[in-house]
Structure formats: C-alpha cells, structure tokens
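The values are calculated or read from the model by the stated rules, or taken from the named source; none is laboratory data. For clarity, every value in this text was computed on a predicted model and none was experimentally measured. We place every Cβ from the backbone using ideal geometry, glycine too, and count neighbours over all the protein chains shown. Just so you know, the surface numbers come from the protein's heavy atoms only, side chains and all, with ligands and any DNA or RNA stripped out. Shrake-Rupley method; radii C 1.70, N 1.55, O 1.52, S 1.80 Å.
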Amino acid sequence: MARINLNVPFSEKDEAKQLGARWDATLKVWFVPDGVDFSAFGRWLPTVPDVNIRSQRYGIAQTETVCWKCDELTRVYGFVLPPGHQTVEQDEDGVDEWYEHDSSAMALYVTDLPPTVIARLKLITRHYYVDFSKTTNSSYWMNHCENCGMKQGDFAIYCEPGGAFFPMDEYATSKISLQSVHEPFCCNGDAAYGGLFEDN
Ligand SMILES: [Zn+2]
C-alpha cells in the first residue's frame with residue numbers, strides 16, 4: 001500500500017508527530033509510515049475532491065466581452081461539457097447518483113479542478129483563476145479583465161441574456177470559439193443547459 005500523505009497545519013505538527021506521523025523533509029509533508037494505523041489521523045487525511053460533474057472529454061470556450069469596469073474588450077473563457085457528461089443528481093429517494101446527459105452544457109461556479117485541467121488553462125490564459133465572489137459568497141474559478149484585472153463573474157457571463165456565453169444573436173454566437181480537449185474533466189460546480197446550447 002502506498003504511504004498516506006497528510007494535510008497537517010503547522011500548529012498541529014507536534015500532535016501529528018506524537019501519534020506517529022513522520023516528516024518528509026524533501027516533499028515537506030507529514031505522512032503515515034507503513035504499519036501505523038492511520039485511523040487516528042482522520043482529520044488530516046486528504047479529502048476526496050468534492051466533485052459533482054465529470055466527463056471523458058471537455059472543451060474550453062473563448063469569446064470576448066466588454067468589461068463592466070473599464071469598458072474595454074477582454075477575452076473570457078469557460079468549460080464546455082459535451083454530450084455524455086455526467087452530473088450528480090438526487091434520485092427519488094434523495095440518494096446521490098451519477099446521471100448522464102445527452103446534451104451539451106457549460107460549467108459555471110467551478111471549483112476543485114484537477115491539476116491536468118488547470119495545466120491546460122494556464123497555457124491559454126493567466127486571467128482565469130480562483131477568486132472570491134460577493135454574489136455567491138464563495139470562491140470559484142473566475143475570469144478577469146485582461147486590461148484592468150477586474151473580476152468578470154459567472155452570473156453576468158452565463159445567466160444574463162446577452163452575456164458572453166449567453167449569446168442572443170448569431171454574431172455573438174459566431175464569436176465563440178471552442179478548443180476540444182481529449183482528456184477527462186471533473187469539477188464541482190453548476191451545469192448550464194440553456195443559453196449557448198438552447199437550440200441543440
Ligand atoms: Zn477592465
């Protein structure tokens with residue numbers, strides 16, 4: 001069995017050590033050595049990402065929008081979930097189950113992206129990163145203006161008719177480009193089925 005790395009805050013390191021955790025000076029991480037019962041380390045065990053959207057492949061959409069702050073055009077980006085993607089939905093008994101969709105959607109209010117997806121994003125833009133939203137009172141992966149750095153929140157982009165990924169005419173639709181990525185995708189977030197894909 002592979003050794004288990006722990007997320008130990010600095011202030012709790014002595015406690016972890018007392019319970020038998022060891023320090024890996026190279027990786028700068030506390031871990032549970034082989035043969036030590038890890039049940040005592042519960043609160044430091046790595047959490048499974050809280051994922052409710054997954055897909056075998058995905059797309060990164062790009063378009064332009066006018067920044068609400070500086071009035072300049074800026075590129076914005078979003079994740080496209082192709083047909084066959086799955087979301088966690090509650091069945092009639094209230095139990096969470098993966099449900100497969102046969103239409104496309106876009107993911108918004110995205111958190112918990114895997115490193116492979118983050119690496120793809122970093123190749124494309126440095127203006128899409130986790131930031132705090134007063135609208136949702138939470139942090140998520142968010143677009144920022146390329147000119148002034150201001151947040152371009154998901155509500156305006158996905159939920160307001162005429163938003164960057166909620167085009168209201170053919171011209172606005174034609175400005176949206178899509179880069180397909182043949183790699184798995186997962187995240188926590190909402191899936192928007194209206195807007196861009198209404199006619200599909
Ligand atoms: Zn701006």
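Structural remarks
- Of the residues making up the range 136-154, those that are over 16 Å from V66 (Cβ atoms) and either at pLDDT 95 or above or in contact with a Lys or Arg (Cβ under 7 Å, 6 or more places away or on another chain) (or both) are Y140, W141, M142, D154.
- The lone exception for R75 - which of (1) of a type outside the set (F, W, Y); (2) free of Cβ contacts under 8 Å to residues at least 12 places away in the same chain; (3) open to solvent by 90 Å² or more (accessible area, probe 1.4 Å); (4) within 15 Å of the ligand (Cβ to nearest atom) it fails: (2)
- Of the residues making up the range 141-186, those that are part of a loop (DSSP other than H, G, I, E, B), open to solvent by less than 50 Å² (accessible area, probe 1.4 Å) and in contact with a helix residue (DSSP H, G or I) (Cβ under 9 Å, 6 or more places away or on another chain) are G163, A164, F165, F166, P167, I176.
- Unmet requirement for T136, which otherwise passes all of (1) away from the ligand (no atom under 16 Å from the Cβ); (2) not in a loop (DSSP other than H, G, I, E, B); (3) not aliphatic (A, V, I, L, M): (2)
- Looking only at the range 45-72, residues that are open to solvent by 30 Å² or more (accessible area, probe 1.4 Å) and more than 16 Å from the ligand (Cβ to nearest atom) come to 12 in all.
- Qualifying residue in the range 128-137 (condition: more than 12 Å from the chain's Cα centre (by Cα), of a type outside the set (V, I, T) and crowded, with 17+ Cβ neighbours inside 10 Å): no
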